[in-house]
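J.: What follows is a single structure, and I will ask about it in a moment.
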Amino acid sequence: MRTPLLALTALALAAQPKLEFWPNTAYDPAIPTFHKVLGHEPGERILSHANLMRYLDGLAAAAPNRIKVFEYAKSWEGRKLVYAAVGSEANIRRLPEIQAAMRKLADPRASSEAEARKIMATLPAVIWLGYGIHGNEISSPDAALLTAYHLLAARKDKVVDSILAGVVVLIDPTQNPDGRDRFVHNFEQAEGIEPDAHPSAAEHNEPWPGGRTNHYYFDLNRDFFALTQPETRGRVRALLEWHPLVFVDLHEMGSNSTYYFAPEAVPFNPHLTKEQKQSLDWFGKNNAGWFDQFGFSYFTREVYDAFYPGYGSSWPSYYGSIAMTYENASSRGLLMRRADDTVFHFRDTVQRHFVASISTAEAAAKNREALLANFYRYGQSAVEEGSREPVREYVLPRRGDIGAVDRLATLLARQGIEVRRARDRYVIPLAQPAKRLIRTLLDSQVSMEDFFLQDEERRRRKKLSTEIYDVTGWSMPLLYNVEAIASSSVTPGPLEKLNPDAPPARPSLGKAAVAYLVPWGDRRSAQFLTAALRAGLRVHSSDKAFTQNGRQFPRGTLIVKVKENASSVHETVARIAGAAEIVPTGTGWVEDGVNFGSRHVQVVPGPAIALAWDRPTAAGSAGATRFVLERQFHYPVTPVRTAGLSTADLSKFQVLILPDSTGEGYAAVLGPNGPRRLKDWVTAGGTLIGIRGGMAFLADPKTGLLAVAQENLAAEKPAEAKKPEPAASDGKVPGKLLHNDAEFESAIRPDNDQPDEVRGVLVKARSDPDHWLTAGVADTVQALVQGRMIFTPIKLDKGVNAAVFLGADKLLASGYLWQENRQQLAYKPLTVVQKEGQGWVIGFTADPNFRAFVDGLNTLFLNAVFRGPAHAR
């Protein structure tokens, strides 16, 4: 009989000496250990989500007076997300009272300083420890359970006693259960007779897409202000119920690293307060003391910054928390061999995160009074600043894409921002505790420190890697392409407070005799289109504007003709209308523009959409594309393994999307037969859409499907283009005199250099007012540009540049963009379209679905997906 793999692994690890995670501690036997519930010691196995929940439930059953478990969300795959409140019996009894007290302190308008001091005198410090937001960063969820066990079971331990006396610890054991289980599944499939420490072993290397991301392949540690995913929405809601004074997000990094904790690296977001930055030292020094005692190496102030507000370790700062990232060297399995040939164990990584967790709670206990006082003062100073600074409120007029305006206002309200509504606008006063979050999210520019940028430019000249960690432009009005007015005055009179959970208003709808008209270019009209197609309605769309009954209807307007649909068309339109503006009409006569029967009015088919899936697609791009179509616009997508596109029957699809790519690219995966089959399919009437790397594949001369080319770095002047000196037969070249630093820098520049990589900025593009691809698209849109891809414009005899970046002096909307990139991006395409036989090839040089938060490009992308097939034959 074969020995089960789990038993073999346990035998292999049993040879190692048992690790004391916190030496010389006596534990209460009434609190169940890992071994009692799970059959092994901490760090001997990588726990699935089910086993994490099983052990947490065991702790809650054993000590119901000292731990309470709360469910706050469910993942896309149905796994529950929970946090556990751990504290003294007295504090657990009064959890509702503690929540209410924190809400009072969070808004100084609700309590005087005297009342606040009285509240703070007996209030514990509430802290939140978040584990495993990246599913393949495996040590922290196990450390979460060990932290809970230690706090519940340790006897006569001064550190634990001090924590329980002054702190309520909220433990979020696995922030990404879908990604966690994907990793565990891949790991267990790859396991052998014993753990393999070789870094190339299959158990350390995940197949596409890996376990880092959630079901739709979103990096949940970039989603905190976009709130696109259920895991994030539930977590932010829970954070606003508690307002934890400290938030720690525990991660993993490369296996050859040590351990990182705060203080963070520069750049800091300028809307962080001096007190917040100074408080980081309390936790860093306490961690350092324990790590020194345990003999753990660590580093601070490097790599991990606090600039982008979408991190878990950033967003809580803007309600007043001390938010931090901790990073641990990853074993990516049970054993890992480093480059220096030392081997470390999964349980070693669990111990480091466990020690850091206990240390953090201890530091919070030591600094309870100061944390509470600073938190209250944070809200006070925010209100004071918002009352006296030049910008007193932001106004979001309800015009243009009203659906996007409504969505943005609701999203802000879900983050604890007070949003007031008038009939034709939203008003966001800055004299409120969330003032700094408002500025961070709505200002068109949030700048990094000058000294940091100067050093970045110095590093760039030497071809050193950038120390900018993530995107530098994220202004939400720009992302949504809506108007935001920074006003120096305050709107008078009482205004209704926006309730983000209230259902959207449904406009009244009359009955049409001839057609229902839906103006295009609004998020709501796009949702109506997809619902109509799924409901089987026959829908037309006009390529040109028209005027009826004195009202102008824009290009792209949807036309649902009554007589061309079933008699139930009226009931169907009413059922799917949602919040869309729908105008019933009793005539086909127009005063200006095209009639409903014009050649410029096309039937919009309900396309079957295929999406390239698996290698070499960038998982984030593929996932976001699918998510935008499926979850934001409720239209089904068929993911097709990329390698199968060379043999699959594509005739059943009208649209094929090639997302951004990584590594070897599409050519290597599709093989020599792939481009020919794609060309045959497009020629027969398909719509082929390439995004960034997908577009680069289509533009490759070997593919020959898009008549543009990717550019090398442009010389400032054509005469300055460098030509390599021809070498003599002995390998020598003619001598050259260098007279200054500039000539030296020119001499060491590569002959065929690439544009420098951009982490992420928002840039402006203008849309072509005559092409069907831009129907309903604003004259100017913002795109989030990353990387170094810049493409030539397409020639007039080959296609159309449907959206083109503005000139260098007007290009940048938000973020920090290298000067050379700014000059070279000017007048280059964002979107190109080329006719190929009866079909279309469409390329996006920037991802219109990036993180599913560039809502201002929704219409342009949806035009490619739905209006492309309408114009194919």
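The values are calculated or read from the model by the stated rules, or taken from the named source; none is laboratory data. Everything numeric here is computed off the predicted structure, so don't read it as measured data. Neighbour counts run over all protein chains shown; Cβ positions are idealised from the backbone, glycine included. For the accessible areas, the whole protein counts, side chains as well, though only heavy atoms, and no ligand, DNA or RNA atoms are used. Shrake-Rupley method; radii C 1.70, N 1.55, O 1.52, S 1.80 Å.
J.: With only alpha-carbon atoms in the gyration tensor, what are the semi-axes of the equivalent ellipsoid for the range 387-521, in Å, largest first?
T.: Each semi-axis is √(5λ); the values are 37, 22, 12 Å.
J.: Please compute the net charge surrounding Phe21, taking Lys and Arg as +1 and Asp and Glu as -1 over other residues with Cβ under 13 Å from its Cβ.
T.: -3
J.: Continuing with this model, one more query. Given the options Gln548, Gly473, Pro494, identify the residue whose Cα lies farthest towards the positive end of the charge dipole of the range 471-589 (+1 on Cβ of Lys, Arg; -1 on Cβ of Asp, Glu).
T.: Gln548
J.: From the protein chains alone at 1.4 Å, what is the descending order of accessible area for Asp424, Asp501, largest first?
T.: The most accessible residue leads, giving Asp501, Asp424.
J.: Can you give me the angle between helix 402-414 and the longest principal axis of the chain, using Cα atoms only, in degrees from 0 to 90, rounded to the nearest 10?
T.: For helix 402-414, the angle is close to 0 degrees.
J.: With the convex hull built on the Cα atoms of the range 567-683, state its orientation-averaged projected area in nm².
T.: So the Cα hull casts an average projection of 10.6 nm².
J.: A follow-up question, please. Please figure out what share of the DSSP beta bridges in the chain is antiparallel and state it in percent, rounded to the nearest 5.
T.: Antiparallel bridges: around 65 percent, rounded to the nearest 5.
J.: Something else now. Which value, in Å³ per residue, describes the convex hull spanned by the Cα atoms of the chain?
T.: So the per-residue hull volume is 213 Å³.
J.: Still on this structure, please answer the following. State whether the range 205-344 is rounded, prolate or oblate according to the following rule on the C-alpha gyration tensor (a ≥ b ≥ c being the square roots of its eigenvalues): a/c under 1.5 gives rounded; otherwise a/b larger than b/c gives prolate, and the remaining case gives oblate.
T.: Since a/c reaches 1.5 but b/c is at least a/b, the shape of the range 205-344 is classed as oblate.
J.: Please report, in whole Å, how far the alpha carbons of the range 38-133 spread along each principal axis, starting with the longest.
T.: 52, 31, 19
J.: For helix 5-14, report the angle its Cα long axis makes with the longest principal axis of the Cα atoms of the chain; keep it between 0 and 90° and round to the nearest 10°.
T.: 40 degrees
J.: If you don't mind, another one. With every protein chain left in place, what is the accessible area per residue of the range 86-189 in square angstrom, probe 1.4 Å?
T.: Per-residue accessible area for the range 86-189 comes out at 33 Å².
J.: Take Trp772, Trp76, Trp589 and sort them by solvent-accessible surface of the protein heavy atoms, 1.4 Å probe, largest at the top.
T.: Accessible-area ranking of Trp772, Trp76, Trp589, largest first: Trp589, Trp76, Trp772.
J.: May I ask you to rank Asp348, Asp142 by accessible area, largest first, using a 1.4 Å probe over the protein chains only?
T.: Asp348, Asp142
J.: Provide the convex hull volume over Cα atoms per residue for the range 798-856, in Å³.
T.: Spread over its residues, the Cα hull of the range 798-856 gives 104 Å³ apiece.
J.: Could you tell me what fraction of 2.2 N^0.38 Å the Cα radius of gyration of the range 167-209 comes to, as a two-decimal ratio?
T.: 1.55
J.: What aspartates and glutamates does Lys736 reach when the alpha-carbon gap must be under 13 Å and sequence neighbours fewer than 8 apart in one chain are set aside?
T.: Glu725
J.: Next question, about the same structure. With a ≥ b ≥ c taken as the square roots of the eigenvalues of the C-alpha gyration tensor of the range 215-284, please select rounded if a/c is under 1.5 and otherwise prolate if a/b is larger than b/c or oblate if it is not?
T.: Judged from the Cα gyration tensor, the range 215-284 comes out oblate (a/c at least 1.5, b/c at or above a/b).
J.: State the three equivalent ellipsoid semi-axes of the range 516-641, derived from the C-alpha gyration tensor as the square roots of 5 times its eigenvalues, in descending order and whole Å.
T.: That gives 31, 16, 13 Å for the three semi-axes.
J.: For the range 751-811, just say rounded, prolate or oblate: build the C-alpha gyration tensor, square-root its eigenvalues into a ≥ b ≥ c, call rounded for a/c under 1.5, and beyond that prolate if a/b exceeds b/c, oblate if not.
T.: oblate
J.: Tally Lys/Arg at +1 and Asp/Glu at -1 over every other residue whose Cβ is under 15 Å from the Cβ of Trp772; what's the total?
T.: +3
J.: What is the percent carbon and sulfur in the accessible area of the range 189-344, measuring with a 1.4 Å probe over the protein chains and ignoring ligands?
T.: 47 percent
J.: Over the range 690-845, consider all pairs of different Cα atoms and compute the Kirkwood hydrodynamic radius from their mean reciprocal separation; express it in Å, one decimal.
T.: One decimal place: 17.5 Å for the Kirkwood radius.
J.: Rg over Rh of the range 297-380, using C-alpha atoms and the Kirkwood radius, what does it come to?
T.: Taking Rh as the inverse mean 1/r over Cα pairs, Rg/Rh reads 1.08.
J.: Output the peptides 233-240, 297-304, 693-700 sorted from most to least packed, where packing is the average of other Cβ atoms within 10 Å over each peptide's residues.
T.: Per-residue Cβ counts within 10 Å, averaged per peptide and sorted highest first, yield 693-700, 233-240, 297-304.
J.: Could you tell me the largest-minus-smallest coordinate of the C-alpha atoms of the range 246-305 on each of the three principal axes, in descending order and whole angstroms?
T.: Here the Cα extents, ordered largest to smallest, are 35, 23, 17 Å.
J.: If you don't mind, another one. For helix 523-534, report the angle its Cα long axis makes with the longest principal axis of the Cα atoms of the chain; keep it between 0 and 90° and round to the nearest 10°.
T.: 80 degrees
J.: Which one, Pro124, Leu688, Asn287, projects farthest toward the positive side of the charge dipole computed for the chain from Cβ point charges (K/R +1, D/E -1)?
T.: Sorting the options by dipole projection puts first Leu688.
J.: Leaving ligands, DNA and RNA out of it, work out the accessible area of Lys810 with a 1.4 Å probe and give it in Å² to the nearest 10.
T.: Probe radius 1.4 Å; accessible area of Lys810 about 130 Å².
J.: What is the dipole size for the range 761-873, taken about its Cα centre, with +1 at each Lys and Arg Cβ and -1 at each Asp and Glu Cβ, in debye to the nearest 20?
T.: That gives the range 761-873 a dipole magnitude of about 140 debye.
J.: Nothing charged except the Cβ atoms of Lys and Arg (+1) and of Asp and Glu (-1): what's the magnitude of the dipole of the chain about its Cα centre? Round to the nearest 20 debye.
T.: The calculated dipole for the chain is roughly 2340 debye.
J.: A follow-up question, please. Quantify how much of the Cα-Cα distance distribution of the range 199-253 extends past 14 Å, in percent.
T.: Everything past 14 Å amounts to 66 percent.
J.: As an exercise, find the ratio Rg/Rh for the range 827-873 from alpha-carbon atoms, using the Kirkwood inverse-distance average for Rh.
T.: Dividing the radius of gyration by the Kirkwood radius yields 1.00.
J.: How are the Cα pair distances of the range 17-89 distributed, in percent, across 5 Å bins from 0?
T.: 3, 13, 20, 22, 22, 12, 5, 2, 0
J.: A follow-up question, please. Roughly how many Å is it from the Cα centre of the range 348-414 to that of the range 61-126, as a whole number?
T.: Between the Cα centres of the range 348-414 and the range 61-126 lies a distance of 17 Å.
J.: Could you check how many percent of all C-alpha pairs in the range 75-209 are farther apart than 18 Å?
T.: 66 percent
J.: Just the accessible area for Lys104, please: 1.4 Å probe, Å², rounded to the nearest 10?
T.: Here the accessible area works out near 110 Å².
J.: Roughly what would the spin-label model give for Ile193 and Phe70, points 7 Å off Cα along C-beta, in nm?
T.: Label at Ile193, label at Phe70, 5.1 nm between them.
J.: Ignoring ligands, DNA and RNA, what percent of the 1.4 Å accessible area of the range 563-616 is carbon and sulfur?
T.: 51 percent
J.: Only Lys, Arg, Asp and Glu count, each charged at its Cβ (+1, +1, -1, -1), so figure out the dipole size of the range 197-250 about its Cα centre, rounded to 20 debye.
T.: 180 debye
J.: Let me ask you something else. How big is the convex hull of the Cα atoms of the range 48-94, per residue, in Å³?
T.: Each residue corresponds to 60 Å³ of Cα convex hull volume.
J.: Using the Cα centre of the range 309-432 as origin and beta-carbon charges of +1 (Lys, Arg) and -1 (Asp, Glu), tell me which of Gly379, Val405, Met336 is placed farthest towards the positive end of the dipole.
T.: Val405
J.: First select every other residue whose beta carbon is under 15 angstrom from the beta carbon of Gln838; then total the charges, Lys and Arg +1, Asp and Glu -1.
T.: Residues near Gln838 contribute +1 overall.
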